[in-house]
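What follows is one structure encoded as structure tokens, with my remarks underneath.
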Amino acid sequence: MLDGEEYREEMGEPFSSVVQVTPTKKKKNKNKRRFSDEQIKSLELMFESETRLEPRKKLQVAKELGLQPRQVAIWFQNKRARWKSKQLERDYNILQANYDHLASKYESLKREKQALLAQ
């Protein structure tokens, strides 16, 4: 087994010649808007009435808003995912509040029972 010095001699190059390569980072344009405010407003209104679009309706909406049908489809898909996530969060909060109320009521009844038994 070669130690560090012998390895350097054997290799013929010192380790200091090793160049570190750092990966290049892609520039992200955080302000990039894919849809105008008007397009988003129209899509939001449409989503309120129907969360899934038929292919014919999708083509019509895309044409009216000056978008590609694929853009409309993906917008609706993303919106459904966000909506479902928010709905799950709302449901969780309701269940948590109900649980907290019941746990509080249970503890109250338990204390009342202890007080009655102590009499």
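The values are calculated or read from the model by the stated rules, or taken from the named source; none is laboratory data. Keep in mind that what you see is a predicted model, and the values were worked out from it rather than measured. Please note: Cβ atoms are built from the backbone with ideal geometry, for glycine as well, and neighbour counts cover all protein chains shown.
Conditions: (1) assigned to a helix (DSSP H, G or I); (2) at pLDDT below 95. S42 meets all but one. Number of the miss?
The single condition S42 does not satisfy is (2).
When you go through L67, L102, L95, L88 one by one, which is the residue that is part of a helix (DSSP H, G or I), modelled with pLDDT of 95 or more, under 30 Å from F35 (Cβ atoms) and not small (G, A, S)?
L88
Report, by residue number, each residue of the range 65-118 that is of a type in the set (S, T, Y) and over 24 Å from the mean Cα position of the chain (by Cα).
Correct list: Y99, S104, Y106, S108.
Yes or no, residue by residue, for (1) in contact with a helix residue (DSSP H, G or I) (Cβ under 8 Å, 6 or more places away or on another chain); (2) within 16 Å of E44 (Cα to Cα); (3) surrounded by 11 or more Cβ atoms within 10 Å (Cβ to Cβ):
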| position | (1), (2), (3) |
| --- | --- |
| L59 | yes, no, yes |
| L65 | yes, yes, yes |
| I74 | no, yes, yes |
| K79 | yes, yes, yes |
| R82 | no, yes, no |
| Y106 | no, no, no |
| R111 | no, no, no |
| L116 | no, no, no |
